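Just below is one structure, and these are the notes that go with it.
The values are calculated or read from the model by the stated rules, or taken from the named source; none is laboratory data. All figures in this text were calculated on a predicted structure; none of them were measured in a lab. Ideal geometry is used to build each Cβ from the backbone, glycine not excepted, and the neighbour counts take in all protein chains shown. These area figures cover heavy atoms from the full protein model, side chains too; ligands, DNA and RNA do not enter into them. Shrake-Rupley method; radii C 1.70, N 1.55, O 1.52, S 1.80 Å.
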Amino acid sequence: MAEDNVQSFVLGDVEVLRIVEWQGPFAPAGQLVPDCAPEVWKEYEEQLAPAHWQPGADLAVAALQTWVVRSAGRTVLVDTGVGRDRERPGNPQFHRQEGDLPGRLRRAGVDPAEVDLVVNTHIHADHVGWNTHAVDGAWVPTFPHARYLLPAADDHHFGPEGGYGGGVRVDDRLLYEDSVAPVHRAGQAEVWDGEYRIDEHLVLEAAPGHTPGSSVLHVESRGERAVFAGDLLHSPVQILHPECSSCFCLDPRQAAATRLRVLERAADERSLVVPAHFGGGGAVEVSKEHGRFTLHRWAA
């Protein structure tokens, strides 16, 4: 895992901290975004390398990170990473990892006991892992005083009513039972659908395709805006070519349509786009010129 890496920026009255647990080569570019031809990566090499793509090895670069959003007097976490000691036999990169997100949060000045809300943009192993931790052999919420906001469609799809993701991947049952079900049992889960306003600055919006319940978090304060885009984007190449979905999207066509809609709004409103896994600066402002999206400005 990487050394502690904390960055911050401010949007009006909202403060954002970026807590990076890991950053580096993740997967072959053509495997991660299979709809994107090799020549597309090469065309945009100057913008993608080295922070998002290693051309020599043809490896996409990604990050595992959690975003802390301080708004209206509350502390909100956006996604919680892989977790510790999880059985994830279907994914060696997530299997039995030994991360320490609570420790990283404390070192960044965020006490887990003072977290008010946890937003899971969707229910995948690398977004819900630190929802819970092990205490005396049982999984309990890591953030004891937080409400956990879960998209209804994902809670159904990946939960027992949906056959744990239809039984396609054994990891889906495991992650639901160790990272989501304990939050329900603790009475800390709040399931939402469509749109959910957190406060005067923060609004969750359904953004399906990557998963049935994928969502984005819109931030607006004193004329400054951002959209936390979850896994609508794994690489900046998907901003340049939004029709290209990742290999992890359950409905690639719907994901592409949602991605285009979110990027159109971000370009119109000059919102900072904050995906879950971008390496480098982690967030980027986009614009649309001559019918094409361009990367306008990277966050620090």
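Below, the figures for the structure above:
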{"item": "Check on LEU174, surrounded by 14 or more Cβ atoms within 10 Å (Cβ to Cβ), touching a strand residue (DSSP E or B) at 6+ places or on another chain (Cβ under 7 Å) and within 28 Å of ALA62 (Cα to Cα)", "result": "no"}
{"item": "Within region 1-39, considering residues that are assigned to a loop (DSSP other than H, G, I, E, B) and among the acidic types (Asp, Glu), the one farthest from SER235 (Cα to Cα)", "result": "ASP13"}
{"item": "Candidate set: region 247-274, residues that are of a type in the set (D, E, K, R) and closer than 21 Å to LEU295 by Cβ; chosen: the one surrounded by the fewest Cβ atoms within 10 Å (Cβ to Cβ)", "result": "ASP268"}
{"item": "Flag if GLU220 is in contact (Cβ under 8 Å) with a residue 60 or more places away in the chain, in a loop (DSSP other than H, G, I, E, B) and closer than 22 Å to LEU117 by Cα", "result": "no"}
{"item": "Odd one out for PRO242, checked against (1) assigned to a helix (DSSP H, G or I); (2) open to solvent by 10 Å² or more (accessible area, probe 1.4 Å)", "result": "(1)"}
{"item": "Test: VAL118 is part of a strand (DSSP E or B), open to solvent by 40 Å² or more (accessible area, probe 1.4 Å) and touching a strand residue (DSSP E or B) at 6+ places or on another chain (Cβ under 8 Å)", "result": "no"}
{"item": "Per-region count, region 182-213, residues farther than 26 Å from ALA226 by Cβ and either without any contact (Cβ under 8 Å) to a residue 40 or more places away in the chain or part of a strand (DSSP E or B) (or both)", "result": "3"}
{"item": "All positions within region 257-300 that are in a strand (DSSP E or B) and in contact (Cβ under 8 Å) with a residue 60 or more places away in the chain", "result": "LEU272, VAL274, PHE278, LEU295"}
{"item": "Extreme residue, surrounded by the fewest Cβ atoms within 10 Å (Cβ to Cβ), among residues of region 40-80 that are touching a helix residue (DSSP H, G or I) at 6+ places or on another chain (Cβ under 8 Å), without any contact (Cβ under 8 Å) to a residue 40 or more places away in the chain and part of a loop (DSSP other than H, G, I, E, B)", "result": "PRO55"}
{"item": "Any hit, region 238-248, residues being closer than 20 Å to PRO151 by Cβ and not hydroxyl-bearing (Ser, Thr, Tyr)", "result": "yes"}
{"item": "Residues satisfying the stated conditions in region 127-152, i.e. out of contact with any Pro (no Cβ under 9 Å at 6 or more places or on another chain) and crowded, with 24+ Cβ neighbours inside 10 Å", "result": "HIS127, VAL128, GLY129, LEU150"}
